[in-house]
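The values are calculated or read from the model by the stated rules, or taken from the named source; none is laboratory data. Note that the coordinates shown come from a computational prediction; the quantities given were computed from them, not determined experimentally. Here the Cβ is made from the backbone with ideal geometry for all residues, glycine too, and neighbour counts use every protein chain on show. Note: accessible area is taken over every heavy atom of the protein model, side chains too, but ligands, DNA and RNA are not part of it. Shrake-Rupley method; radii C 1.70, N 1.55, O 1.52, S 1.80 Å.
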Amino acid sequence: MEMIFFEITTFRTERGYSDSRHPDEVEWGKILEEDLQRRDFTINAIALELESSSNYKVIDLYDGQKDLENRLIRCVGKADERFKEDALRMMRAIRIASQIGFLIEEKTFESIQKNAKLIEKIAGERIRDELFKILVSPTPSQGITLLKNCGLLQEIIPELLDGYGMVQKGHHIDDVWTHNLKTLDNCDTKDPITKLAALLHDVGKPKSMKGDGQDRTFHNHEIIGSRMANSVGKKLKLSNKELEQLFKLVRWHMFTTEATQTDKAVRRFIRNVTLEYIDEMIALRRADRLGSGAKESSWRWELFKERIVEVQKQPFCIKDLKVNGQDVMEILKIKPSRKVGEVLEAIFKEVEEQPELNEREVLLKKIEELK
């Protein structure tokens, strides 16, 4: 049985928001009307009075039901006052609109534009939580576009705006900004970190750009972009684990799935990305291709996944060799030193090219040959 949780509190009133985050004074209220007037949006300021187990009365002082019918997000009272009480409400307005497909009422939207800079007073983790909900909404590009149009994106992730209107060449049919949004929408995952990586995967292009128009190049944009993404992640107070995932997805998103790719190249890809993030990386890369206008066949990705499994059956790293450092020291009669590692590394390079060499007797002879 699915459990439903309700939060219950007494009526209260709040006064003064000098930091645009917390009330300077909080008092327990005595009447519902005082409690409702401090709510953010009309659709969140509707109350239900139970007269009996079967009878109830809807209390809707701010026409929230009408706004629900019209699919509108409107502030309770004066929008400027609501946003100055808690600047995160501006992000909440965008997030709710993105999640349920509502429009933001004109004066409310104008107030967000007017007060966008107040968001700098809000802690990064609170902004992050709202942003993540936007990223996993049905069509996240709409929410990100709203953030841009109201001025909040300039305060949160200004790096993204540098790609607006930046023409690309080759198979790209859109500017960098639009491509990032299409990649985000096409990223088939519910992991908000991967969604954020999809949004930021080409954030390094403006910094790496050389040339003009159709002749522009963006060499090493993934290297520059991964550093920029890491900086964005720190501002959003991501955990070290989340920062690692974000960095790796942006840094290594430029990989190929061609059938001609060698096993060695596939193993290198796995080492760079790590097995933990393989599925998320594939989701990002597919989205990147689809966001560029390419049509990807599912068989290509399934084949690539099969190759990832197969190459792991081969020696993947030095630890997979059927000899170890102790064997090297005994045969070469040396003590623990850098030489031991160098010998194992040389043997592994041979085995990586010819996996069939990974037999103990064969490798012992190879060590003997190094005497």
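Taking every Cα atom in the chain, find the radius of gyration and the maximum pairwise distance Dmax, and write them in Å.
When restricted to the Cα atoms of the chain, Rg and Dmax are 28.0, 93 Å.
For the range 128-172, give the percent of accessible area contributed by carbon and sulfur heavy atoms, probe 1.4 Å, rounded to a whole number.
Of the solvent-accessible surface of the range 128-172, carbon and sulfur hold 50 percent.
What length, rounded to one decimal in nm, is gained on full extension from Asp320 through to Glu368, with 0.36 nm per residue of separation minus their alpha-carbon distance?
Gain on stretching Asp320 to Glu368: 15.3 nm.
Using only the Cα atoms of the range 66-146, build the gyration tensor, take square roots of its eigenvalues as a ≥ b ≥ c, and label the shape rounded, prolate or oblate: rounded if a/c is under 1.5, else prolate if a/b is larger than b/c, else oblate.
oblate
Run the quick spin-label model on Gln37 and Phe5: label points 7 Å from Cα toward the beta carbon, then report their separation in nm to one decimal.
Each label point is offset 7 Å from its Cα along the Cβ direction, giving 3.2 nm.
Which ³J(HN,Hα) values in Hz, rounded to whole numbers, follow from the phi angles of the range 128-133 under the Karplus curve 6.51 cos²θ - 1.76 cosθ + 1.60, where θ = phi - 60° and Gly and Pro get x?
Going residue by residue, I get 4, 4, 5, 4, 4, 5 Hz, with x marking Gly and Pro.
Give me the number: length gained by fully extending Ile278 to Glu353, i.e. 0.36 nm times residue separation minus the C-alpha to C-alpha distance, one decimal in nm.
Extending this stretch completely gives an extra 24.7 nm.
Summing Lys, Arg as +1 and Asp, Glu as -1, what charge do residues with Cβ under 14 Å from the Cβ of Lys190 carry, Lys190 excluded?
-3
How much area per residue is accessible in the range 94-154 when the probe is 1.4 Å and only protein heavy atoms are counted (Å²)?
Heavy-atom accessible area per residue stands at 44 Å².
In debye to the nearest 20, how big a dipole does the range 92-190 give about its Cα centre with +1 on each Lys and Arg Cβ and -1 on each Asp and Glu Cβ?
Charge dipole, the range 92-190, about its Cα centre: 220 debye, nearest 20.
In the chain, what percentage of the DSSP-assigned beta bridges are antiparallel, given to the nearest 5?
85
Hey, what did the range 117-181 get for relative contact order, percent, Cα under 8 Å, at least 6 apart?
23
Amide H of Phe41: which non-local residues (sequence gap of 5 or more, or other chain) have their own amide H closer than 5 Å, using H built in the peptide plane?
When sequence neighbours closer than 5 places are left aside, the close amide H contacts are Val76.
Report the rotationally averaged projected area of the range 93-252 based on its alpha-carbon convex hull, in square nanometres.
Taking the Cα atoms of the range 93-252, their convex hull projects to 9.3 nm² on average.
Please report the projected area of the range 247-371's Cα convex hull averaged over all directions, in nm².
9.0
Of Val343, Val323, Thr262, which is farthest on the positive side of the dipole of the range 257-371, counting Cα position, with +1 on Lys and Arg Cβ, -1 on Asp and Glu Cβ, and the Cα centre as origin?
With unit charges placed on the Cβ atoms, the residue in question is Val343.
Hey, if you drop one equal point scatterer on each alpha-carbon of the range 217-315 and run the Debye formula without solvent, what base-10 log of I(q)/I(0) do you get at q = 0.23 Å⁻¹?
One equal scatterer on each Cα of the range 217-315 leads to -1.28.
Can you pull the one-decimal nm distance between simple spin-label points at Ala294 and Asn220, each 7 Å off the Cα toward Cβ?
Output for this residue pair reads 2.4 nm.
Taking 0.36 nm per residue of sequence separation and subtracting the Cα-Cα distance, how much length would be gained by fully extending the chain between Lys84 and Ile334, in nm to one decimal?
Full extension from Lys84 to Ile334 adds 82.8 nm.
Can you tell me the dipole magnitude for the chain around its Cα centre, using point charges on the Cβ only (Lys, Arg +1; Asp, Glu -1), in Debye to the nearest 20?
About 1200 debye.
What does the helix-only formula give at 222 nm for the chain: each DSSP H stretch with n ≥ 4 adding -39500 (n - 2.57), the total divided by the residues, and the result rounded to the nearest 500 deg cm²/dmol?
Helices in the chain give a 222 nm mean residue ellipticity of -15000 deg cm²/dmol.
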